[in-house]
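Below: one structure, written as structure tokens.
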Amino acid sequence: MSPVFPMLTALSMFYYMCLRRRARTATRGEMNSRRAIESNTRALPINVEIVQYAKEVLDFSSHYGSENSMSYTMWNLAGIPNVYPSSGDFTQTAVFRTYGTWWDHCPSARLPFKRTPPTFCSQDYVELAFEEPVYPTAVHILETYHPGAVVRILACSANPYSQNPPAEVRWEILWSEAPTKVNGPQARQFTPCIKQINFPTNLIRLEVNSSLLDYYTELDAVVLHGVKERPVLSLKTSMIDMNDIDEDEDEEKYGCGMDTLNKQFSIVTLREWPTNGYFDKLPYELIQLILSHLTVPDLCRLAQTCKLLYQHCCDPLQYIHLSLQPYWARINDTSLEYLQSRCTLIQWLNLSWTGNRGAISVSGFSRFLKVCGSELVRLELSCGHFLNETCLEVITEMCPNLQELNLSSCDKIPPQAFIHIAKVGSLKRLNLYRTKVEQTALLSILNFCSELQHLSLGSCVMIEDYDLIASMMGAKCKKLRSLDLWRCKNITESGIAELASGCQLLEELDLGWCPTLQSSTGCFTNLARKLPNLQKLFLTANRSVCDTDIEELAANCTHLRQLDILGTRMVSPAALRKLLESCKDLSLLDVSFCSQIDNRVVLELNANFPNVFIKKSFTQ
């Protein structure tokens, strides 16, 4: 017999098994609903696509805009396009807070966590709800300025509009790719090839990485294409959906289900231990060093191979620094419970993005910190919407050595809860970006946390008197090196004077979009004279910045590396030349929308100062 025939027979059997599995998994309800659609001439056919724009923005990690307006905010992603197909910088788009690598070279930059898997490179996210749950067939992202930031698209099994939340929330990756450099800032419709999933969804999440971009990426709208019924394997199809062969294997490879990671954490899944091979001959410290390069899931898998490696993989010394952010979709109370015995010596813990939609409870978080919080020095909880006052109270009680606390975009914490942070007198870094911290609590924190070196209060809209806050910082926080007052609405020259007099070690100051500061009061020249160590100064959208301010910076702040004067109308090319000649370390200069600085001037400055990235934005 020809060798071709056995191969054909095997393929036929494989195809037959696929069809049988599909027939077994189809329920009577599905079959009846299909018959109903076929028999009703007014109903849409199964294969008709539904096209819908996002109905609502549910959650996001950051945005360039204000909490009290629509300009440059994530909320612009809801609804039909406002700008596309036009290109340029438009306020009606969604813009994240950062771009490029500039933020990694500031005094406030944090050290990265080791063991971050190479496949996880997300820096920001936004979650969008759509009207109708569908099986996705395509996702269109309308990018209108500096495209290329989207690195991952996910779909969620939970319906945000359902009255009965599911027992388990499942996330599936529809598409994922490393950041890529896109040539040119022009608008485009980005339509990656997405993976088929086996549940309908009306909740889509975009994750972005803007590190390769020359400026802020701007998104206009997201379009979800899908069908109401799960696509059925057709006899005419030329490709077999591998999801139908073994859904468990698919979940191990791609899934973000809770059980996947928890099975790896659990000692219950351990098999019979074979011999230890040649590892017995290696020094303990050498094995520990080798294993320190593995990701957390790999450690859990390796622990199932033999008794010796199990002991090494469960050694608390392997979990001194632990980032669970890359696995945010799979972390829940059970995960934390499994990790408790391994994290008794943990010093750095990253739980950013985790625990939302009920995955982590207040009691589960509290139990973990009571066992593992005594040695914690750094705690990252960005976008942790499960956090409440009880959680902050537990943190301050169980983490006596805490020096760094990140609560950015934890906008569900009630205003009065932040007063508990004042009990952590050892704090050196505190990030309260986009939180509801109120004035009394913040004054208490500044009064008792005199060791603070890095403080972020960007977009904190509950503060009534920033001059009083600045005065307290000047009196109590003498070691402050970086301060973020982005979109602070009511600080004046009085507060700036108190701040500059008391915090003379400041190396980084963000006063972007602070409309109450006016150059005519001398506040910026005072800053330049009092803060000679400044390396980063953002005066974004302050139209009053003038030549005198730039010349004072050139004369006094020679270590300046980053300067943003976007939107000023009163700075001349001559003043910029003085600055560039004096500040030899300058690497970023944003002069977007500066009316006296046209493209010709930018080209000339770029030619004479090639080491400086001079940004000039535009609108068409």
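The values are calculated or read from the model by the stated rules, or taken from the named source; none is laboratory data. As the structure is a prediction and not an experimental result, all values here were calculated from the model. Note that each Cβ is placed from the backbone with ideal geometry, even for glycine, and that neighbours are counted across all protein chains shown. Note: areas computed on protein heavy atoms with side chains; ligands, DNA, RNA excluded. Shrake-Rupley method; radii C 1.70, N 1.55, O 1.52, S 1.80 Å.
Values as computed for the structure displayed
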read-out	value
At 1.567 mPa s and 4 °C, Stokes diffusion of region 262-391 via Kirkwood alpha-carbon radius, µm² per second	84 µm²/s
When region 368-420 is reduced to its Cα atoms, the Kirkwood hydrodynamic radius in Å	11.2 Å
Distance cut-off 22 Å, percentage of C-alpha pairs in region 474-619 lying past it	33 percent
Estimated vicinal HN-Hα couplings, Hz - region 389-400 in sequence order (Karplus 6.51, -1.76, 1.60; Gly, Pro = x)	5, 4, 4, 5, 5, 5, 4, 5, 7, 9, 10, x
Rounded accessible area per residue of region 320-433, 1.4 Å, Å²	31 Å²
Heavy-atom surface of region 474-619, accessible at 1.4 Å and reported per residue (Å²)	39 Å²
Rounded accessible area of ASP510 (nearest 10 Å², 1.4 Å probe)	10 Å²
Residues of region 49-227: accessible area per residue with a 1.4 Å probe, Å²	38 Å²
Folded to 0 to 90 degrees: helix 4-25 orientation relative to the chain principal axis, Cα	70 degrees
For region 439-453, 3J(HN,Hα) per residue [Karplus equation, 6.51 cos²θ - 1.76 cosθ + 1.60, θ = phi - 60°, Hz, x = Gly/Pro]	4, 4, 5, 5, 4, 5, 4, 5, 5, 9, 9, 6, 8, 4, 10
Karplus-derived HN-Hα couplings along region 561-574 (A = 6.51, B = -1.76, C = 1.60, θ = phi - 60°), whole Hz, x at Gly and Pro	10, 9, 9, 10, 10, 3, x, 6, 10, 10, 9, 9, x, 5
Distance violations [Cα-Cα > 24 Å] among LYS195/LYS412; LYS536/LYS578; LYS181/LYS412	LYS195/LYS412; LYS181/LYS412
Exposure of SER374 as accessible area (Å², to 10), given a probe of 1.4 Å and all protein chains	50 Å²
Ordering of 389-398, 205-214, 361-370 by packing [mean C-beta count within 10 Å, highest first]	205-214, 389-398, 361-370
Principal-axis tilt of helix 466-476 within the chain, Cα atoms, nearest 10 degrees	80 degrees
For the chain, the Rg and Dmax computed from alpha carbons only, in angstrom	27.5, 96
DSSP beta bridges in the chain [antiparallel fraction, %, rounded to 5]	55 percent
Accessible surface of the chain [probe 1.4 Å, protein heavy atoms]: carbon and sulfur percent	54 percent
Computed [θ] at 222 nm, helices only, for the chain once each DSSP H run of length n ≥ 4 contributes -39500 (n - 2.57)	-8000 deg cm²/dmol
